[in-house]
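The values are calculated or read from the model by the stated rules, or taken from the named source; none is laboratory data. Everything numeric here is computed off the predicted structure, so don't read it as measured data. Every residue, glycine among them, receives a Cβ derived from its backbone with ideal geometry; neighbour counts consider all protein chains shown. Side chains included, ligands, DNA and RNA excluded: accessible areas come from the protein's heavy atoms. Shrake-Rupley method; radii C 1.70, N 1.55, O 1.52, S 1.80 Å.
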Amino acid sequence: RLKLGAPDGQMERPARLLLVSELRVRNTAYDVSLSRSLLTWKRRTSSPVYHPFRPSKTRTRSVCLSVFVCLSASSCLCHSVSVSEIISVREEEEENISSRKRDDGSWKKIKEREGKDCRQAFTVLYVERCRQHRWRCAEVTFTCPEEALCQRWVSSIREQLAAIVSRPKHLLVYINPFGGKKQGKRIYEQKVAPLFAQAGVSTHVIVTEYANYARDHLRTEAELKKFDGVVCVGGDGMFSEIIHGLVWRTQIDGGVDPNCPDETLLPCSLRIGIIPAGSTDCICFATVGTNDPVTSALHIIVGDSQPMDVCSVHHNNTFLRYSVSLLGYGFYGDVLTDSERKRWMGPARYDLSGVKMFLTHRYYEGTVSYQPARGIMGTPRDAAKCRSGCVVCQHNGQLLSEQAEKYEMDKTSDSESDDEWRTVRGKFLAINAASMSCACPRSPKGLSPAAHLADGTTDLILVRKCSRFNFLRHLLRHTSKDDQFDLTFVEVHRVRRFRFTPRHCQSDSDLELDLRENGKRQIFSQICRDHPACGCAPAYSSWNCDGEILTHTAIDVRVHCQLIKLFARGIEEPTVFEDLTNPCAI
């Protein structure tokens, strides 16, 4: 095989094979080989059957049929699995294998070997890709001619798996039994726990008892040094609890003040796994491509790692929350505030509140100041999306880390010159900051299709006051192929940091009281919208921070590049799934 880009005639050096044997799969002979990167089994074709030439009248049809049969058969002759995607290997009893065979001689073999402990077969469990980015656990059983060879194969595969240091051995698992349809515990016990057991992953399981239980436990009681990762079984709210506990704990242990917005936060050493079991699983969908518990469990088992940015939100040098997906003021903040009073409706409350707030058509005045991300690769209008092994995330992550070191050397107030900040004032229907695409099954493109998971930036989307019809056009483009930013009243900026101040800034106590009272007003009571003095129209919205409401509207948001890591690898390119007919192409 010629190596691409190599001098003429130079052959690509094949991977060094650790084992090569002739084994049987379902009573068929295969040449099986193991290298440090691949396990391959290829069907032996030592005795092909050739058919004589047909008469000239049917010659063309015969040749075409022969080629078709040859091509169809060749795709089933060879299978390859990456060693990194092997889940486990186990020895099988000869009786268990023989009992599956349908040939008459199998039962005779059992009787001949009665009373002997014959372990001449082993089963390999591995990841198999399905459509729509789903993974499933597949298995193949190899039968060896002798027991010693079988044990050699098992030990060799286990040695290769043990050498993968990225695989977790001990996990701390939090289960939210109340989220979504209250199926979290059942999903974990029936779909996830058996896979962890097969892979030899030990777990310490904690079922949460109330809201923020996992956050408080991680902050104070959890002995994190005992574990290789933290897994949450639930929705986006449960994931938010995990990052708030883990990031806060990391900063306190490292002597960093979380209340200071100018502090550079320390990255978390433990990876986070998400088993989707909530009413909304946007984080899982954006990082894996599907909301499937088995797929997420397999990503955890193989030890995948996907860095992710985290935004810290402060108000007057006081820490409020962390955000990893969406910060929304105006429309999305009002939708969340209204939907909180309809939790009894389940996920349908978001649809009802969305229609209600669209008809209300509120706008809010304020000032947005932001620091544009300069010198980076990519823009919010790019056609390319963040995918597994994203070059933009790698390039920008390295660039921003170098810039951070430069800022650390000069912490004076002059380090942020006035020309780095830009200011926008006006009336806004919505102000959104998307740190990822925010894609979900209902909106496959998301709020910002070109946003990246780990490039150290967030996409600041400003929707100015416009008619209901134009705002509807903008919303509908989230579900179509049209560019939702190609509108005169919408502007988008890729930023590293931004601040928002509402127009009529009140004291904290008055502001919190105003936010509570706004929710009690009727939606069609706003007659004098342009006259705030009459009190008919609310002067403030509220911020939607990853599905939680912030009590303060004046905020300071800063992006921290690659602060956490998930047990994921990003959404893989579709070509990986389209080539399932040829397993050797994996």
Residues of segment 153-178 satisfying the condition of being among the small types (Gly, Ala, Ser) and under 19 Å from the mean Cα position of the chain (by Cα): Ser166
Where the second residue is hydrophobic (A, V, I, L, M, F, W, C) and open to solvent by 40 Å² or more (accessible area, probe 1.4 Å) and the first is modelled with pLDDT under 95 and lies in segment 485-503, which pairs have Cβ atoms under 6 Å and are six or more apart or on separate chains? none
Only residues that are under 20 Å from Trp543 (Cα atoms) and of a type in the set (A, V, I, L, M, F, W, C): list them for segment 338-377, please. Leu352, Val355, Met357, Phe358, Leu359, Val368
Using the structure shown, decide if Glu340 is assigned to a loop (DSSP other than H, G, I, E, B), under 30 Å from Leu462 (Cβ atoms) and either of a type in the set (Asp, Glu) or open to solvent by 30 Å² or more (accessible area, probe 1.4 Å) (or both). no
Filtered residues of segment 238-261 (kept if farther than 22 Å from Asp546 by Cα and among the acidic types (Asp, Glu)): Asp253, Asp257
Filter result for the condition that a residue is open to solvent by 30 Å² or more (accessible area, probe 1.4 Å) and at pLDDT below 95, over Arg158, Arg131, Arg152, Arg136: Arg131
Note on segment 322-334: residues in contact with a strand residue (DSSP E or B) (Cβ under 7 Å, 6 or more places away or on another chain) and either open to solvent by 20 Å² or more (accessible area, probe 1.4 Å) or part of a helix (DSSP H, G or I) (or both) are Leu326, Phe331, Tyr332, Gly333
Kindly list the number of the only condition in (1) open to solvent by 20 Å² or more (accessible area, probe 1.4 Å); (2) of a type in the set (Gly, Ala, Ser); (3) touching a His at 6+ places or on another chain (Cβ under 6 Å) that fails for Gly289. (1)
Looking only at segment 445-500, which residues are assigned to a loop (DSSP other than H, G, I, E, B), surrounded by fewer than 22 Cβ atoms within 10 Å (Cβ to Cβ) and hydrophobic (A, V, I, L, M, F, W, C)? Cys466, Phe485, Leu487, Phe489
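Matching residues to (1) touching a Gly at 6+ places or on another chain (Cβ under 9 Å); (2) part of a helix (DSSP H, G or I):
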| site | (1), (2) |
| --- | --- |
| Cys311 | no, no |
| Leu320 | no, no |
| Leu336 | yes, yes |
| Leu352 | no, yes |
| Val368 | yes, no |
| Pro380 | no, no |
Looking at Gly235, is it of a type outside the set (D, E, K, R), under 17 Å from Glu548 (Cβ atoms) and in contact (Cβ under 8 Å) with a residue 40 or more places away in the chain? yes
Note down all Cβ pairs under 9 Å where the first residue falls in segment 443-462 and is closer than 21 Å to Leu400 by Cα, the second is open to solvent by 10 Å² or more (accessible area, probe 1.4 Å) and acidic (Asp, Glu), and they're at least six residues apart or on different chains. Ala450/Asp382; Leu460/Glu491
Go through (1) without any contact (Cβ under 8 Å) to a residue 24 or more places away in the chain; (2) in contact with a helix residue (DSSP H, G or I) (Cβ under 6 Å, 6 or more places away or on another chain); (3) charged (D, E, K, R) for Glu223 and report which single condition fails. (2)
Residues of segment 177-194 being in a helix (DSSP H, G or I) and of a type in the set (Phe, Trp, Tyr), in sequence order, are Tyr188
